[in-house]
Structures are given as structure tokens and as C-alpha cells.
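Structure first, commentary second.
The values are calculated or read from the model by the stated rules, or taken from the named source; none is laboratory data. What you see is a predicted model, and the numbers here were worked out from it, not measured in a lab. Don't worry about glycine lacking a Cβ; one is built from the backbone with ideal geometry, like all the others, and counts go over all protein chains shown. Each accessible area value is taken on the protein alone, full model and side chains, heavy atoms only, with ligands, DNA and RNA left out. Shrake-Rupley method; radii C 1.70, N 1.55, O 1.52, S 1.80 Å.
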Amino acid sequence: MNQAPQTASRIHADVFAAHAPHSPKADTLRATLARIALGDAHARCLAVVGCGAQRDRSAVAANLAVLLARSGQPTALIDAARQHPRQQELFGLADTGMTDIAAVPGLTVMRGTDTQPSLAETLVEAPGQFGQFVAHLRQDYEFVVIDTADHPQDLDAISAASVSDGALLVVERNATALHRLRELTDGLRESGAALLGAVLTDR
């Protein structure tokens, strides 16, 4: 897979960690990462999952990846959202495949829908293949963050959590339905995936 440097990223305002790394929002996510590190020092691959929080989920994944890279730890961000991939918009990317973000040294963004066959599709249809790719990334990056798709049966979220070290749940205040949240958390637990924590967002 080709890797091209991104020299003129136009990073979206939703990626606040790139524009204001010491803002209250960034500090909140930084505290979340600290709790994950204290709870499980081996959690190097995070699946960011949600139900009905599509835009917020992708923004949380992007900001987490930026914070990790800014802390001096090489980080790969995989956009595995099949229906509505958003990382290309968030980072102002024009290229396909893997792209280094010059504005955030140490961060590489991968659009899983750009590959043939689609890496995002293998997440559900061939999780073993997706897991092998993640294992390969772990050799080159200290952290891997996976942005997953919202799916009626939560298959994407559960598959991503199963091939990672655990799931970080994104919950949108006054928008995420309680019954959907229960379905997702129950599905994660039944699959044996670790639930590393939750992020509450406002819209």
C-alpha cells in the first residue's frame, strides 16, 4: 500500500486537539487516555465505537489519534466506517491509502474504504484478515486507533473491538438511545471484548 506525505492538511475545526491541544476538550480526552493506560498498560489498539453518534465518534477517534501522536508516540488511525467515512474530511486529505499528516508529526491516517478489496469490508467479512493487518501496524506504530461504522446490529463495532485491545464507547448526550446503548454494550461483553471506557459528547 502506498504511503504519501500530507504536506498541506486543512484540518477540520472538529479536530480540536490539532488546533488547541491544551483546551478543556483536549484535556478531557487526555484524561480518558490516562485512565485507559492506568487500567491496562497493554491497550495499544483502541476501537472507537458508538451508536447513533456517527460524527462525534469519528471526531473522537481523530482527536485521540492526534493526542497520542503529539505525545511522541507514532499512531495509525484507520477509518473503517463503511457507510460514512469521515477522516478524509476531518484531515483535509486528497490522497488515497495511507497518508502522513505533516501538521501532526507521528500520525498516519488510513482510509479503509480506499483499498481493494476494501479493508473496511474485511472488518466484518474477514476479521482474521483485518486482525493480521492491525498486527502488522503494531510493529511500526505504538498505537492504532480504529474508527468504526455505526451498524444496526453493531457488527462493525464488535468486530473492531474483538481484533483490538478494547473498545472506547462514544455516547452523545440527549441523542444516544438508552436501549441501543445497552444492545451495544451487551454485544461487546458477549463477544469477550474489553470495554475500556466511555466518552460523553454534546451537540
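Here are a few things to note about the model shown:
- When we screen Gln139, Gln132 for residues that are under 19 Å from Thr75 (Cβ atoms), of a type in the set (S, T, N, Q), without any contact (Cβ under 8 Å) to a residue 24 or more places away in the chain and out of contact with any helix residue (DSSP H, G or I) (no Cβ under 8 Å at 6 or more places or on another chain), the only hit is Gln139.
- Scanning the range 76-85 for residues that are touching a strand residue (DSSP E or B) at 6+ places or on another chain (Cβ under 7 Å) and either over 23 Å from Leu196 (Cα atoms) or open to solvent by 10 Å² or more (accessible area, probe 1.4 Å) (or both) returns a single hit, Pro85.
- Check on Gln73, buried (at least 24 other Cβ atoms within 10 Å of the Cβ) and either at pLDDT 90 or above or in contact with a His (Cβ under 7 Å, 6 or more places away or on another chain) (or both): no
- Pairing each residue of the range 68-93 that is among the hydroxyl-bearing types (Ser, Thr, Tyr) with any residue that is surrounded by 21 or more Cβ atoms within 10 Å (Cβ to Cβ) and not in a loop (DSSP other than H, G, I, E, B), provided the two are 6+ apart or on different chains, yields C-beta distances under 7 Å for Thr75/Ala65; Thr75/Leu68; Thr75/Ala69; Thr75/Leu107; Thr75/Phe143; Thr75/Val145.
- Residues being of a type in the set (S, T, N, Q) and open to solvent by 40 Å² or more (accessible area, probe 1.4 Å) - total across the range 159-186: 2
- Looking across the range 178-192, the residues that are in contact (Cβ under 8 Å) with a residue 60 or more places away in the chain and in contact with an Asp or Glu (Cβ under 9 Å, 6 or more places away or on another chain) come down to Arg180, Glu183, Leu184, Leu188.
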